[in-house]
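Below is one structure; the comments refer to it alone.
Every read-out reported here was derived from the displayed coordinates using simple, explicitly stated rules and does not represent laboratory data. Quick caveat, the model's predicted, so the values are computed rather than measured. Neighbour counts run over all protein chains shown; Cβ positions are idealised from the backbone, glycine included.
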Amino acid sequence: MRQLFSARRREIETCFGSVLTELLSSTHLNDSDSFIQHGDTTVLLHSVAVAFYSYKLCRRLGIRVPYRELVRGALLHDYFLYDWHKHDSEHGLHGFSHPATALANARRDTQVSATEANIIARHMFPLTPAPPANRAAWAVCLVDKICSVYETFNHNIYPELRDYIRRCRPMPADGRAAA
Ligand SMILES: [Fe+2]
Ligand SMILES: [Fe+2]
């Protein structure tokens, strides 16, 4: 398989891969693969792409951020766990309400730092009025918008990231690799 990370690969895989593996095994993040985000991209694939490219952006530009919190916050930024294309009264207007839902779900399922909470809560700025309060949250806010537009107009994208998610999924009890 083509390597995802060309520069400082081992260090980056250690951080990005360990965080993804940990969240896939300890939270309901994998359930977000059941819901479509944009086009044919699932919420899980979208979240992994936002985390990956936010990470790459900060690394490439030399932006000093807490990388582990950046990846965790980005992976959980759309942790709302429902099909937002189905309108129901329970979730309100998705664009405005889902950051708070994602943050509540994240706090229910894992420990969330102040930086991670800000990444999740503020990622829809300027649709939601409060701007990101740290560099990591700004990076995720920006990359989320770029990924969303890309996903809306393209199909069958991020093939390396799809493979990467498969590799990071916990092995099922019967020992067969997950699909
Ligand atoms: Fe979102
Ligand atoms: Fe998003």
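Could you tell me which of Ala136, Phe16, Leu61 has its Cα farthest along the dipole of the chain towards the positive end, charges placed at Cβ (Lys, Arg +1; Asp, Glu -1), taken about the Cα centre?
In the chain, that residue is Leu61.
For the chain, take the convex hull of the Cα atoms, compute a quarter of its surface area, and give me that in nm², please.
Values: hull surface 42.4 nm².
Mean orientational projected area (the chain, Cα hull): 10.6 nm².
Let me know the charge dipole size of the chain about its Cα centre in debye, to the nearest 20, where only the beta-carbon of Lys, Arg (+1) and Asp, Glu (-1) is charged.
The calculation lands at about 840 debye.
Would you mind working out the magnitude of the charge dipole of the range 36-127 relative to its Cα centre, with +1 at each Lys and Arg C-beta and -1 at each Asp and Glu C-beta, to the nearest 20 Debye?
On the way: 10 positive and 8 negative charges, 120 e Å.
Roughly 580 debye, rounded to the nearest 20.
With point charges of +1 on the Cβ of Lys and Arg and -1 on the Cβ of Asp and Glu, referenced to the Cα centre of the range 104-179, which listed residue (Ala114, Ile157, Phe125) lies farthest in the positive direction of the dipole?
Ala114
Going by Cα centres, the range 90-161 and the range 29-59 are how many Å apart?
About 10 Å separates the Cα centre of the range 90-161 from the one of the range 29-59.
Hey, what number do you get for the chain at 222 nm if only DSSP H runs of n ≥ 4 count, each worth -39500 (n - 2.57), divided across all residues, to the nearest 500?
-18000 deg cm²/dmol
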